């Protein structure tokens, strides 16, 4: 248990649906992240929020829309997705480690299938 | 082009022996390197890290070595235990001016420790 909770764990949606992924952490971390992991590819950073402000958008298509209402919650709103968007979506939050490194804590992910 | 590469997709080791997982990188601006471990149906969990100004960091059975001139790092697990069987991700971080960090992950190495 990392302290980062993602819901739902699995999601199947059609290309015309609208759905949202939710991430929650009560670790007191100020930075939160969305990643995409496709089969046999490395984790791809999608969005970064720091103190509720979006600081980075890694050239993600507009059919993915993040929302961070407070430092503990992060959403990823999905609409008109494509089959190639099927992947594992991971949320993370981070804190500074003893050595100065930034340590990320990941949720278990949402396995998304777009039909 | 992948900035962080894990060229071995899988590795099998006998229980009690040493496991060596390797990672290569291309960007000399990375300031920290981290190893994460992932069990099935769970998110990655932080294992150990090393600053770019160090060449070794040890934590119990886990040691990470960094060779900056070769842009190579390795994770040593001694002795290996069956519970170490998991996918290991190498990650490199680079700080952004926004105060957050960008993480680049490798594709992972699946370690199987045989009893």
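The values are calculated or read from the model by the stated rules, or taken from the named source; none is laboratory data. As the structure is a prediction and not an experimental result, all values here were calculated from the model. Every residue, glycine among them, receives a Cβ derived from its backbone with ideal geometry; neighbour counts consider all protein chains shown.
Could you please find all residues in the stretch B:44-57 being surrounded by fewer than 22 Cβ atoms within 10 Å (Cβ to Cβ) and not in a strand (DSSP E or B)?
B:52, B:53, B:54, B:55
For the stretch B:62-115, how many residues are surrounded by 14 or more Cβ atoms within 10 Å (Cβ to Cβ) and touching a helix residue (DSSP H, G or I) at 6+ places or on another chain (Cβ under 8 Å)?
Summing the residues that are surrounded by 14 or more Cβ atoms within 10 Å (Cβ to Cβ) and touching a helix residue (DSSP H, G or I) at 6+ places or on another chain (Cβ under 8 Å) in the stretch B:62-115 gives 3.
From the list B:105, B:89, B:62, pick out the single residue that is under 24 Å from residue A:37 (Cβ atoms) and more than 8 Å from chain A (Cβ to nearest Cβ).
Answer to the selection: B:62.
Checking residue B:41 against (1) within 8 Å of another protein chain (Cβ to nearest Cβ); (2) free of Cβ contacts under 8 Å to residues at least 40 places away in the same chain; (3) under 25 Å from residue A:30 (Cβ atoms), which test does it fail?
Result: residue B:41 fails condition (3) only.
Being modelled with pLDDT of 90 or more and assigned to a loop (DSSP other than H, G, I, E, B) is the filter; apply it to the stretch A:1-13 and report the residue that is surrounded by the fewest Cβ atoms within 10 Å (Cβ to Cβ).
Going through the qualifying residues, I end up with A:9.
Of all residues in the stretch A:101-115, which are modelled with pLDDT under 90 and not in a loop (DSSP other than H, G, I, E, B)?
If the condition is that a residue be modelled with pLDDT under 90 and not in a loop (DSSP other than H, G, I, E, B), then A:102 is the only one that fits.
Please go through (1) in contact (Cβ under 8 Å) with a residue 60 or more places away in the chain; (2) away from every other protein chain (no Cβ under 14 Å) for residue A:64 and return the number of the only condition it doesn't satisfy.
All conditions are met except number (1).
In the stretch A:50-61, how many are modelled with pLDDT of 90 or more and surrounded by 13 or more Cβ atoms within 10 Å (Cβ to Cβ)?
Matching residues across the stretch A:50-61 total 1.
Does at least one position in the stretch B:6-27 carry a residue that is more than 23 Å from residue B:83 (Cα to Cα), more than 8 Å from chain A (Cβ to nearest Cβ) and either touching a residue at least 60 places away in the same chain (Cβ under 8 Å) or in contact with a helix residue (DSSP H, G or I) (Cβ under 8 Å, 6 or more places away or on another chain) (or both)?
Within the stretch B:6-27, one or more residues are more than 23 Å from residue B:83 (Cα to Cα), more than 8 Å from chain A (Cβ to nearest Cβ) and either touching a residue at least 60 places away in the same chain (Cβ under 8 Å) or in contact with a helix residue (DSSP H, G or I) (Cβ under 8 Å, 6 or more places away or on another chain) (or both).
Report, by residue number, each residue of the stretch B:1-18 that is more than 14 Å from the chain's Cα centre (by Cα) and part of a strand (DSSP E or B).
Correct list: B:12, B:13, B:14.
Based on what the data block shows, is residue A:52 over 19 Å from residue B:45 (Cα atoms) and more than 10 Å from chain B (Cβ to nearest Cβ)?
In short, yes.
Mind checking which residues of the stretch B:19-33 are surrounded by fewer than 24 Cβ atoms within 10 Å (Cβ to Cβ) and within 8 Å of the chain's Cα centre (by Cα)?
If the condition is that a residue be surrounded by fewer than 24 Cβ atoms within 10 Å (Cβ to Cβ) and within 8 Å of the chain's Cα centre (by Cα), then B:21, B:22 are the ones that fit.
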